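This report refers to the structure that appears directly beneath it.
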2 protein chains.
Amino acid sequence: MKKIRDILPNRVSTEKEDLFCYGFDASSTQGIPSAVVRPVNTEEVSEVAAFAFKHEASLIPRGAGSGMTGGAVPLNDSIILSLEGMNRILDIDEKNMVVTLEPGVINSHLQKKLEPMGLFYPPDPSSMEFCTIGGNVAENAGGPRALKYGVTRDYVLGLEMVLSDGRALSTGVKTHKGVVGYDLTRLIVGSEGTLGVITKIFLKVLPLPEEMITLLCTFSRLSMAAQAIPKITASGIIPRTLEFMDHEAIRAVESYKSVGLPLNVEALLLIEVDGPHSSVSEEAEKIASICTSLNGSVSVADDIFARQRLWEARRAVSPALYRISPTKINEDIVVPRGKIPEMIQILTDIAEKYNLKIVNFGHAGDGNIHVNIMTDKNNKEEYQKATGAVKDIFEATLKLGGTISGEHGIGLTKARYVEMELSQVSIGLMKAIKTVFDPKGIINPGKMFPPD
Amino acid sequence: MKKIRDILPNRVSTEKEDLFCYGFDASSTQGIPSAVVRPVNTEEVSEVAAFAFKHEASLIPRGAGSGMTGGAVPLNDSIILSLEGMNRILDIDEKNMVVTLEPGVINSHLQKKLEPMGLFYPPDPSSMEFCTIGGNVAENAGGPRALKYGVTRDYVLGLEMVLSDGRALSTGVKTHKGVVGYDLTRLIVGSEGTLGVITKIFLKVLPLPEEMITLLCTFSRLSMAAQAIPKITASGIIPRTLEFMDHEAIRAVESYKSVGLPLNVEALLLIEVDGPHSSVSEEAEKIASICTSLNGSVSVADDIFARQRLWEARRAVSPALYRISPTKINEDIVVPRGKIPEMIQILTDIAEKYNLKIVNFGHAGDGNIHVNIMTDKNNKEEYQKATGAVKDIFEATLKLGGTISGEHGIGLTKARYVEMELSQVSIGLMKAIKTVFDPKGIINPGKMFPPD
């Protein structure tokens, strides 16, 4: 580590506190790096990579460390390459609706910068107040608005990346279309920081929708809420969001920050429509009538404050759950939309079978449910049951034609389950692609692939 | 070839006529294959691939042969693997809005099947009446509606593919989200048939928009039409289509099939908005007022017949141009939207400089212009001038931040220009990825990469 300090004396830390702080993320995994490097430009990233390549040291690219699966957690003795200092929005081209930025830009900072210009960057992970766009790209982050607007992948036009040996790579285009060569851009999006270090991002943005209406629909019966979901999406309306919270999720939020959600219901849907002034109220009415026909009770967020309060409540679910039990095993399965009612029933059955508390919420509109098994790592017996439940949940998900991760990725925590979904042929190709980008295997090793 | 006939006796042809017919596509390139194989299921594709792998024979996957850059044109002595017989729509899951189909399904057949169900598959290449979805996936086809709805890539959820050695690969998901492993699906989309043979496709579809309005806006001055384009997209409306035709394109269509387009204008825009009934007329009015403020003259297609007539006219441009001159060099550059007026001026200047007829039309809304240099291959001097003009056009495009292909891909015809856009680092990675999928280099060789 002396040598890397020789190269970038002002960017390297080996302080104990830093090594600890940069050792974990929002998953329950942890490691201790040997150094933390905070480069401020592409050249410095390149120098660090060249150093790591030469000395075969592992390099862990890191944004805000808000990932849910340990993607930014170092194996011991790795170098953390924190991109938080590369946080400039370099250009907002209003005419062409293209934004150029560095990876360390916080998601909500970009959103707030764009709004007054009448522009809109849809991807809105619940961690948007602190997660970085670079991390969003690495994980292909989604969020509530993915239902109508798609995920991070759908907004990345091009990238600049430093490869493991320090060479720079440019991918993609700065236009809204382009088909020259293989789509390296979208190969890198969602690659969980395993192919290189993203140093610049070109994003497509949209015109800000004219208006939106936010509906809170509560259901005294869970099964009715579950039925409402595919009914709404089948009605021809694609809401901007169609979020789901079960009773436990509601209770957790209310005890964490009291926002006035009703506690006497089994589930709620938080639904938002957006678009031209003339059409949104019509769509909101249609949705309300579907919900009331299933015995739901509908209220409209009257002003921006009411709206914000509801979204704060939704975004608070994840932190709030830590109040229920010391450990939460947080999965983010996806099933085909129409299978949501069936999956909700299966989750209830699994909770009963293992006598575990399972809290469900998430982006129900696109079939993406955040399943949280509430447990205690130190209670060995219970924790083992929880692990058994995870396997059952994944098996049921795949049987319904789903996937074991819609947003969070594989990282460390899901690595051992990858082979349940991906074939050996597929994993073999992916490993070979990894070797093409990173022949020495030094970039974020041990992630995404099944453990040897 | 005797041996491959032994394996699939009823699927192989070496008839002279077949070898000729399967030797070209919509580009002006041509080759003569050694055999044409028409498998009807994945197992047969697998057998052919295993045969080719063993004997190191080149295999050229082919849909309808409607590609514009020679992507399906065989090098001499290759085996054409025509997928036209694998043309079944296997499943339309209305509830989940997911379609499963074989690669040989014709684009418009799918569209027509979906519409009565209230569903919508947006990608609409001008060749939609005869091109296949498999070809669309291989080339990442766009079309007029890409402006609002994106390209083929945005609708492919997952794929099944036979690899060069005959093994089967499954990629992606059947849900609207999924982030498990590298995104092989989107690596394959747009790979121009060079990574393997696509045998099954999972597509996301949308609810059919409630209503649409089609506007024809004509301009006596080209520069005014060019200015209208970024003005409309900057107004906050994203039309479903924003198509452009210059005077020569209009004239060519009118002489090919008289549809009543005005001949006394320098350019026209064909604009369509769609969405809920309540908002489309408002949007159409806004667009009309932008066009009239630039001295455009606006008319509305009153009924479905008027609408169809306009779209037939638009789709007829490409075939109509063959009437003007024996050879057309057809490029599909993209520039950032706001640079359209500048690019149109540059094209006018280049036409003048080389004393060539250049006809421009295309998807102006997303900056994608189809530039057609009208020439005669047999007039050596003129053809050489035309080749010089192509290079000038690409240079100007890249200087404006654009790309040399928005839809058509590289294939054979653009291979020699790839290095103008892609770096050696990028090409090196792409070639290595190609080798991962196709170690013997037998799948569609000679395409997409710069010639050695």
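Just to be sure before I move on: is residue B:139 open to solvent by 10 Å² or more (accessible area, probe 1.4 Å), within 28 Å of residue B:233 (Cβ to Cβ) and among the acidic types (Asp, Glu) in the structure I sent?
Considered against the rule, which asks whether it is open to solvent by 10 Å² or more (accessible area, probe 1.4 Å), within 28 Å of residue B:233 (Cβ to Cβ) and among the acidic types (Asp, Glu), residue B:139 comes out as yes.
Filter the range A:396-444 down to the residues that are more than 8 Å from every other protein chain (Cβ to nearest Cβ), in contact with a helix residue (DSSP H, G or I) (Cβ under 9 Å, 6 or more places away or on another chain), over 25 Å from residue B:202 (Cα atoms) and assigned to a helix (DSSP H, G or I) and list them by number.
Answer for the range A:396-444, where residues must be more than 8 Å from every other protein chain (Cβ to nearest Cβ), in contact with a helix residue (DSSP H, G or I) (Cβ under 9 Å, 6 or more places away or on another chain), over 25 Å from residue B:202 (Cα atoms) and assigned to a helix (DSSP H, G or I): just A:435.
Which of the residues that make up the range A:149-167 are assigned to a helix (DSSP H, G or I) and more than 10 Å from every other protein chain (Cβ to nearest Cβ)?
Within the range A:149-167, A:149, A:155 meet the criteria.
From (1) buried (at least 18 other Cβ atoms within 10 Å of the Cβ); (2) within 14 Å of chain B (Cβ to nearest Cβ); (3) farther than 30 Å from residue B:402 by Cβ, pick out the condition that doesn't hold for residue A:234.
The number of the failed condition is (1).
Of the residues B:72, B:64, only one is open to solvent by 30 Å² or more (accessible area, probe 1.4 Å), in contact with a Phe, Trp or Tyr (Cβ under 9 Å, 6 or more places away or on another chain), away from chain A (no Cβ under 14 Å) and among the small types (Gly, Ala, Ser); which?
That would be B:64, the only listed residue that is open to solvent by 30 Å² or more (accessible area, probe 1.4 Å), in contact with a Phe, Trp or Tyr (Cβ under 9 Å, 6 or more places away or on another chain), away from chain A (no Cβ under 14 Å) and among the small types (Gly, Ala, Ser).
Conditions (1) within 14 Å of another protein chain (Cβ to nearest Cβ); (2) open to solvent by less than 60 Å² (accessible area, probe 1.4 Å); (3) over 17 Å from residue A:341 (Cβ atoms), marked per residue:
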position: A:239; (1), (2), (3): yes, yes, yes
position: A:267; (1), (2), (3): no, yes, no
position: A:272; (1), (2), (3): no, yes, yes
position: A:278; (1), (2), (3): yes, yes, yes
position: A:282; (1), (2), (3): yes, no, yes
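Restricting the first residue to the range B:88-99 and requiring it to be within 22 Å of residue B:199 (Cβ to Cβ), which pairs with a second residue that is modelled with pLDDT under 95 and open to solvent by less than 70 Å² (accessible area, probe 1.4 Å) meet a Cβ separation below 6 Å and a spacing of at least six or different chains?
Pairs that qualify, where the first residue is within 22 Å of residue B:199 (Cβ to Cβ) and the partner is modelled with pLDDT under 95 and open to solvent by less than 70 Å² (accessible area, probe 1.4 Å), are B:96/A:336; B:96/A:337; B:96/A:338.
Taking residue A:229 as the residue in question, decide whether it is crowded, with 20+ Cβ neighbours inside 10 Å, in contact with a strand residue (DSSP E or B) (Cβ under 7 Å, 6 or more places away or on another chain) and away from chain B (no Cβ under 14 Å).
For residue A:229, the condition - crowded, with 20+ Cβ neighbours inside 10 Å, in contact with a strand residue (DSSP E or B) (Cβ under 7 Å, 6 or more places away or on another chain) and away from chain B (no Cβ under 14 Å) - is not met.
With the requirement that a residue be open to solvent by 20 Å² or more (accessible area, probe 1.4 Å) and in contact with a helix residue (DSSP H, G or I) (Cβ under 8 Å, 6 or more places away or on another chain), what does the range A:307-320 give you?
A:319, the sole residue that qualifies.
Taking residue B:30 and the conditions (1) farther than 26 Å from residue B:127 by Cα; (2) at pLDDT below 95, which numbered condition does it fall short on, given that it satisfies the others?
Only one criterion in (1) farther than 26 Å from residue B:127 by Cα; (2) at pLDDT below 95 is unmet by residue B:30, namely (1).
Answer yes if at least one residue in the range B:369-378 is of a type in the set (D, E, K, R), open to solvent by less than 20 Å² (accessible area, probe 1.4 Å) and either outside any helix (DSSP H, G or I) or touching a helix residue (DSSP H, G or I) at 6+ places or on another chain (Cβ under 9 Å) (or both), and no otherwise.
No, the conditions are met nowhere in the range B:369-378.
State all residues of the range A:27-51 that are touching a helix residue (DSSP H, G or I) at 6+ places or on another chain (Cβ under 8 Å) and crowded, with 21+ Cβ neighbours inside 10 Å; if no residue qualifies, say none.
A:33, A:35, A:36, A:37, A:39, A:48 - these are the residues of the range A:27-51 that are touching a helix residue (DSSP H, G or I) at 6+ places or on another chain (Cβ under 8 Å) and crowded, with 21+ Cβ neighbours inside 10 Å.
Of all residues in the range A:123-148, which are among the charged types (D, E, K, R), farther than 21 Å from residue A:88 by Cα and in a loop (DSSP other than H, G, I, E, B)?
Result: A:145, single match.
When only residues in the range A:379-395 that are of a type in the set (S, T, N, Q) and either more than 27 Å from residue B:176 (Cα to Cα) or open to solvent by 50 Å² or more (accessible area, probe 1.4 Å) (or both) count, which is farthest from the other protein chains (Cβ to nearest Cβ)?
A:379
So which residues in the range B:321-342 are touching a His at 6+ places or on another chain (Cβ under 8 Å) and either open to solvent by 20 Å² or more (accessible area, probe 1.4 Å) or among the polar types (S, T, N, Q) (or both)?
Answer for the range B:321-342, where residues must be touching a His at 6+ places or on another chain (Cβ under 8 Å) and either open to solvent by 20 Å² or more (accessible area, probe 1.4 Å) or among the polar types (S, T, N, Q) (or both): just B:330.
Quick one: would you say residue A:214 is out of contact with any Ser or Thr (no Cβ under 6 Å at 6 or more places or on another chain), outside any helix (DSSP H, G or I) and among the polar types (S, T, N, Q)?
yes
Can you tell me which condition residue B:197 does not meet? The list is (1) more than 15 Å from the chain's Cα centre (by Cα); (2) surrounded by 24 or more Cβ atoms within 10 Å (Cβ to Cβ); (3) facing another protein chain (nearest Cβ under 10 Å), and all the others hold.
(3)
Out of all the residues in the range B:137-148, which are at positive phi and facing chain A (nearest Cβ under 9 Å)?
B:140
Of all residues in the range B:299-325, how many are in a helix (DSSP H, G or I) and touching a residue at least 12 places away in the same chain (Cβ under 8 Å)?
15
In this structure, is residue A:248 open to solvent by 10 Å² or more (accessible area, probe 1.4 Å) and within 12 Å of another protein chain (Cβ to nearest Cβ)?
no
For the range A:326-340, indicate whether the set of residues that are under 20 Å from residue A:232 (Cβ atoms), in a helix (DSSP H, G or I) and small (Gly, Ala, Ser) is non-empty.
Scanning the range A:326-340, I find at least one residue that is under 20 Å from residue A:232 (Cβ atoms), in a helix (DSSP H, G or I) and small (Gly, Ala, Ser), so the answer is yes.
Any residue that is over 22 Å from the mean Cα position of the chain (by Cα) and under 30 Å from residue A:431 (Cβ atoms) - is there at least one of those in the range B:405-423?
Checking the range B:405-423: at least one residue is over 22 Å from the mean Cα position of the chain (by Cα) and under 30 Å from residue A:431 (Cβ atoms).
For the range A:275-298, which positions are part of a strand (DSSP E or B) and modelled with pLDDT under 95?
Matches in the range A:275-298: A:275 only.
Taking residue A:204, is it under 30 Å from residue A:42 (Cα atoms) and either within 14 Å of another protein chain (Cβ to nearest Cβ) or open to solvent by 10 Å² or more (accessible area, probe 1.4 Å) (or both)?
Answer is yes for this residue.
I'd like to verify a number: residues in the range B:347-368 that are of a type in the set (A, V, I, L, M), part of a strand (DSSP E or B) and open to solvent by less than 10 Å² (accessible area, probe 1.4 Å), how many?
Residues that pass the stated criteria total 1.
If residue A:82 satisfies all but one of (1) more than 14 Å from every other protein chain (Cβ to nearest Cβ); (2) over 18 Å from residue A:12 (Cβ atoms), what's the number of the condition it fails?
Unmet for residue A:82, out of (1) more than 14 Å from every other protein chain (Cβ to nearest Cβ); (2) over 18 Å from residue A:12 (Cβ atoms): (2).
Quick one: how many residues across the range A:169-191 are part of a strand (DSSP E or B), within 7 Å of another protein chain (Cβ to nearest Cβ) and open to solvent by 20 Å² or more (accessible area, probe 1.4 Å)?
Looking only at that region, the number is 1.
The values are calculated or read from the model by the stated rules, or taken from the named source; none is laboratory data. Quick caveat: nothing in here was measured; it's all calculated off a predicted structure. Reconstructed Cβ throughout: ideal geometry from the backbone, glycine too, with neighbour counts over all protein chains shown. The area values use the complete protein model at the heavy-atom level, side chains included, leaving out ligands, DNA and RNA. Shrake-Rupley method; radii C 1.70, N 1.55, O 1.52, S 1.80 Å.
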